[in-house]
Every structure is written in structure tokens, then in C-alpha cells.
1. Suppose we filter region 183-208 for residues that are of a type in the set (Gly, Ala, Ser), more than 19 Å from the chain's Cα centre (by Cα) and on the phi < 0 side of the Ramachandran plot; how many remain?
2. With the requirement that a residue be surrounded by fewer than 18 Cβ atoms within 10 Å (Cβ to Cβ) and either over 26 Å from GLY276 (Cβ atoms) or touching a residue at least 40 places away in the same chain (Cβ under 8 Å) (or both), what does region 230-250 give you?
3. Can you report the number of residues in region 84-100 which are surrounded by 17 or more Cβ atoms within 10 Å (Cβ to Cβ) and assigned to a strand (DSSP E or B)?
4. What is the number of the single condition among (1) of a type in the set (Gly, Ala, Ser); (2) at pLDDT below 95; (3) within 11 Å of the chain's Cα centre (by Cα) that ALA91 does not meet?
5. Go through region 109-163 and report how many residues are part of a strand (DSSP E or B) and within 21 Å of ASN205 (Cβ to Cβ).
6. Take region 164-187 and flag every residue that is in a strand (DSSP E or B) and closer than 28 Å to PHE123 by Cα.
7. In region 188-229, how many are outside any strand (DSSP E or B), among the polar types (S, T, N, Q), in contact with an Asp or Glu (Cβ under 8 Å, 6 or more places away or on another chain) and buried (at least 18 other Cβ atoms within 10 Å of the Cβ)?
8. Could you figure out which of (1) surrounded by 18 or more Cβ atoms within 10 Å (Cβ to Cβ); (2) at pLDDT 95 or above isn't true of SER165?
Amino acid sequence: MFLKLVIAALAASTITAVAFAQDIPARAGTVAVEQSGALVPKKEVDKEDIAKKLANPIANMISVPLQYEFSRGVGLNQGGSEQTLLFQPVAPFDLGGGDIFIVRPIIAGARETSVQYAPGKSFSGYGVASVTLESFYAPNTNSSWIWGIGPYAQSPSGNSGHFGSQQTGAGVTAVVLNRQGPWTYGLLGYQSWNMGGNPAFGTQNNLYGQPFVAYTTKDAWTYSANMEALYNYDTHRTSNPLYAGVSKLAVIDGVPISFGAGPIYYVSNTPGGPSGWGGRATVTLVVLK
């Protein structure tokens, strides 16, 4: 009887030791993972803050917008249409002390359909309209008001003349804005001068002004409006589209993406340029640092 009790005790202790030995590496592994931070929940993305920054053209944030625009009433007889696609990534560089330098290249592709450019002659096709480089030095103002200024350049990039000027332009671009609660409003503009090229399809002697206003809600909806007035000194005419739209910031698999759309109305236009109603849609990818 005593021998049986001893054997039973030894068996129980052996089973307990084996179970404990198996539990040690499992616990050690869990602790190691916890210490490595793999089980630490990721910081929640502040969608409202990112949506506000997207309304600010000189925000210290990397973004990659794609903008599609449809315009009608194009050509001498206003019977054509135009579709454009803008690729305009925003890259900020930290200069220290809160100062930043922002570079924004813009590549514009266009497709025109049945656009009359001369009596009895029309064009349909697609190509690269222009390549633009905007840049801003934005100092830290320690205020809700901020501003930026920098060089501006535009190249026709082999443009055939059907998609805009064949001249090269250079000048200066600037922006001033205020961020007050849910509101962001200000004025962006540039002055461009002709630096050479064929003036037959328009010149680069332009003054551009874009007043804008945006309201962002707590759940990352943004309601915005802007007017993009482009005055050409040689033709003494202004193209003036008015845009009003709404966008929503969503987080997809940890990546913030903004989707927006709205109508456009041309208050005034240059000869042969778009007129009447059009539309715009945007998709913007945000790269978090």
C-alpha cells in the first residue's frame, strides 16, 4: 500500500513538473513579445486633425492627391469637352525651429474631345498638359496665421498646343491663411512671367489668385469652396472657375485616405476655354511619419 502511494506521488509530481516546464517558455515568449511592443495597441489616427491639415496647402504633412476634373463648353463653338488628371504630391522638409520648406510638383494630363480650334477644324486626343513646380518657405509664426513664399516654374513638357501654352514660365508663389477652430481660410496665388517659347497657344504672363475656405467637422467631413482666378496680361481675360465640394477622411488598413467631389461653375472664361458647369473628384493618400 505504501509503495502504491509513493508511486502515485511520484507520478503526480512528474506530471506537474512537465506542465510547469512547458508553461515557462510560453510565458517567457509572451513577456518577450510584450516587451518588444508587438502587443502594444497602435496609436489611433486623429482623422479630424489630418482632415484639417489637408485643407492647409502648407501643412507639415506628406500627401499624394490625385484630382480628376471634367469641363464642358470647350472650343470656339463651345461644343467640346475636356478631362484633366492632376498628380500633385506634397513633400515638406523640416528646417528646424518649426520652419519648413514645401515642394509641390504638379503633373497635368488632359484629354480633349471634339474641341474646335479653328473654323471647320476640331481636335480629339490626350497628352501631358504641363509640369509645374510650386514651393513655399513657411516659417514658424507661433500663431494661427501662417504664410509661405517661394519660387514657381512651369514647363510645357512637349505640349502640342492643344492642352495650353507652349511657353515656359517662372515666377513666385505665396500663400497666407488662418486656422481657427474648425475653419481654414486664406489666399494662395502666384505671379508668372514668360521665359521663352511659342506664344501662339497662350503665354505665361499670368496672375493667379485662389481664395479658399474650409470647415472640418469632428468626424472628419470637410466642406470647402474656392475660386481659381487666372488673369492673362496679354489677352486681358480671366478664367474664373468656382468650386464647392465635400470630402471625407477615412482610415483604411491604417492608411488615411480622403475622398472628395463637387461641382464647378465657370464665372468667366478665356476664348475657347471651358465654360458653364463641370465637376471635380479627388482622392488623397496621406503618408504618416
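The values are calculated or read from the model by the stated rules, or taken from the named source; none is laboratory data. Since we're looking at a predicted model, the values are computed, not measured. Here the Cβ is made from the backbone with ideal geometry for all residues, glycine too, and neighbour counts use every protein chain on show.
1. Restricting attention to region 183-208, the residues satisfying the condition of being of a type in the set (Gly, Ala, Ser) are 186, 189, 192, 196-197, 200, 202.
Filter once more, so that each one left must be more than 19 Å from the chain's Cα centre (by Cα): 192, 196-197, 200, 202.
Applying the additional criterion that residues be on the phi < 0 side of the Ramachandran plot yields 192, 200.
Here the count works out to 2.
2. First pass over region 230-250, keeping only residues surrounded by fewer than 18 Cβ atoms within 10 Å (Cβ to Cβ): 231, 233-238, 240, 242, 244, 246, 248, 250.
Those that are surrounded by fewer than 18 Cβ atoms within 10 Å (Cβ to Cβ) and either over 26 Å from GLY276 (Cβ atoms) or touching a residue at least 40 places away in the same chain (Cβ under 8 Å) (or both): LYS248, ALA250.
3. Counting residues in region 84-100 that are surrounded by 17 or more Cβ atoms within 10 Å (Cβ to Cβ) and assigned to a strand (DSSP E or B) gives 5.
4. ALA91 satisfies every listed condition except (2).
5. From region 109-163, those part of a strand (DSSP E or B) are 109-118, 121-138, 145-155; that's our starting set.
This time we only want the ones that are within 21 Å of ASN205 (Cβ to Cβ), so: 129-135, 149-155.
Count: 14.
6. As a first pass, look at region 164-187 and keep what is in a strand (DSSP E or B): 166-180, 183-187.
Listed by number, the residues that qualify are GLN166, GLN167, THR168, GLY169.
7. Total meeting the criteria: 2.
8. Here SER165 meets the rest and fails (2).
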